[in-house]
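The values are calculated or read from the model by the stated rules, or taken from the named source; none is laboratory data. Predicted model only: the values in this text are computed from it and were never measured. Cβ placement follows ideal geometry from the backbone for every residue including glycine, while neighbour counts extend to all protein chains displayed. Quick note on the areas: whole protein, heavy atoms, side chains included, nothing else; ligands and nucleic acids left out. Shrake-Rupley method; radii C 1.70, N 1.55, O 1.52, S 1.80 Å.
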Amino acid sequence: MKNKEIYRSALNLAVPMMIQNGITNMVGLVDNIMVGSLGTEAMTAVSIVGQLIFVFNLAIFGGLSGPGIFGAQYYGQKNMEGFRSTFRIKQWICGISLLLGLGIFIFAGEPLIGLYLKGESNSVDPVQTMAYAKQYLAIMLWGLPPFVITQIYASSLRETGESIKPMAAGVTSVIIDVVFNYLLIYGNLGFPKLGVRGAAVATVMSRVAEMAIVVIWAHAAKKKHTFLQGVYSTLLVPREFALRVIKKGLPIFLNEFMWAGALAALTQCYSTRGLEIVAGLNISNAICNLLNVVFVALGNAVGILIGQSLGASEYEKARKNSFSLMWFTGGLCLILTAALTAVSGLFPKLYDTTEAVRSYAQWFIIITALFFPVQGFLNALYFTLRSGGKTLITFLFDSVYSWVIPLPAALILCHFTNLPILGIYAIIQAADIIKVIVGYTLIRKGVWISNLVEENAEQ
């Protein structure tokens, strides 16, 4: 508590992000609960599609993170032309990612959904689940372009320390989603009763509204957000700068994509023990994802604050603050553990499903909650390493690790042992303690301390 100023700065930056990301996740939670009232098949279908779109979303976040490292340091250096270049390259990266994502979902969506429907079940119909999933995915694809545009603008605004506008846009989006879920899922107030398709339409509408607010507000305040002045005068990016960003950013993009892919593959492993497991995980993830925005937002704040210190060549300050923020984030997550454990028995009762699914959901929530402090500490470690541009290290530390340790372990335990699924889930969660030890060692050695924009100027 000797370094209260950095905690205050982190919270000032992170709280609006928590609110915005919490609201974004609230959209998914509202969809989840309302669709859950339609039955286990509908809920499971939305969960599977959500898992696939989550991989796409993480790829976008990863694509934005490479330029974001430079953006935070350029802003700390007060170099607006450099900041504009990061904004432009974000558009290229996200545009290409969007086209690839749409192509995969359009032409390979059904086979991908089918991977999660291989487990046996006496209470869940896989054919009906597939039908619901295809309906939901077909409409959700329309929401991907506005989502991508929103993230380009919101990430750049955050790198300047402005997180209120994205938060306000998120608040509006969740209100729209809740209202139109109520109207379109159940056919209230004269609207058509669309069920699962209604949930997708409402989500797309909320994404469009969020995009419109962020973009219009940002451009209306060009005097404040000076990087937007002339930002569209060209889409070209200096070749040397583009290559430098790609060199640093590609490992982050691959990391986010592969990490999300590893999570999707883990869920597929668990699903082989029965479709009830997928439904239980869906309920657990709905509430856990709502609260994990705390350590995700704090991690982003850590990356921005440490990045600004590195850009200003304040290396000792960056080192000191990195340790303070790691312990601060892990400590706050103890509160989340208590909160999740307290609601673990109540939240599953909101769903119209079987008692077996509710029981699985309760225990998945409890196990996930117990490891929240580990996840909080890990996020701070990860973003500290990334703030100095050590993206190859974070790539190995995060996604490669996920594919080498937890995923093979889950495959072996699910397919070749009789261990109960809850025990397997706990073992996989506990494997992240290894990452904490490795990451903390790297932070102590200071391998992450570097000023990227100063290096770039010298070259």
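So here's what we get for this one:
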{"item": "Residue-by-residue Karplus 3J(HN,Hα) for region 384-399, coefficients 6.51, -1.76, 1.60, Hz, glycine and proline x", "result": "5, 4, 6, 4, x, x, 7, 6, 5, 4, 5, 4, 5, 5, 9, 6"}
{"item": "Prolate/oblate/rounded call for region 231-344, Cα gyration tensor, a/c under 1.5 rounded", "result": "oblate"}
{"item": "Surface accessible to a 1.4 Å probe, residue 329 within the full protein complex, Å²", "result": "0 Å²"}
{"item": "For region 312-362, alpha-carbon Rg and Dmax in angstrom", "result": "19.4, 58"}
{"item": "Portion, in percent, of the accessible area of region 151-255 that falls on carbon or sulfur, probe 1.4 Å", "result": "70 percent"}
{"item": "Gap separating the Cα centres of region 198-274 and region 324-344, nearest whole Å", "result": "27 Å"}
{"item": "Cα gyration tensor category, rounded, prolate or oblate, for region 10-113 with a/c compared to 1.5", "result": "oblate"}
{"item": "Kirkwood Rh, Cα atoms: Rg over Rh of region 310-459", "result": "1.09"}
{"item": "Eligible aspartates and glutamates near residue 247 by straight Cα distance, threshold 19 Å, same-chain separation 8 or greater", "result": "256, 398, 454, 455, 458"}
{"item": "Spatially proximal lysines relative to residue 445 (Cα-Cα < 19 Å; intrachain offsets below 8 disregarded)", "result": "317, 320, 390, 435"}
{"item": "Helix 126-140 vs. the chain, principal-axis angle (Cα, 0 to 90°, nearest 10)", "result": "30 degrees"}
{"item": "In Å², nearest 10: area of residue 322 left accessible to a 1.4 Å probe", "result": "0 Å²"}
{"item": "Chain lengthening between residue 221 and residue 189 when straightened (0.36 nm per residue, less Cα-Cα)", "result": "7.7 nm"}
{"item": "Estimated FRET transfer efficiency (residue 4, residue 246; beta-carbon r; R0 41 Å; 0.05)", "result": "0.55"}
{"item": "Label-point separation, residue 346 to residue 15 (7 Å along Cα→Cβ), nm", "result": "2.4 nm"}
{"item": "On Cα atoms only, tilt of 406-416 relative to the major axis of the chain in degrees", "result": "20 degrees"}
{"item": "Distance in nm between pseudo-label sites at residue 314 and residue 239 (7 Å out along the Cβ direction from Cα)", "result": "3.8 nm"}
{"item": "Cα-based helix-to-principal-axis angle, 421-430 vs the chain, degrees rounded to 10", "result": "10 degrees"}
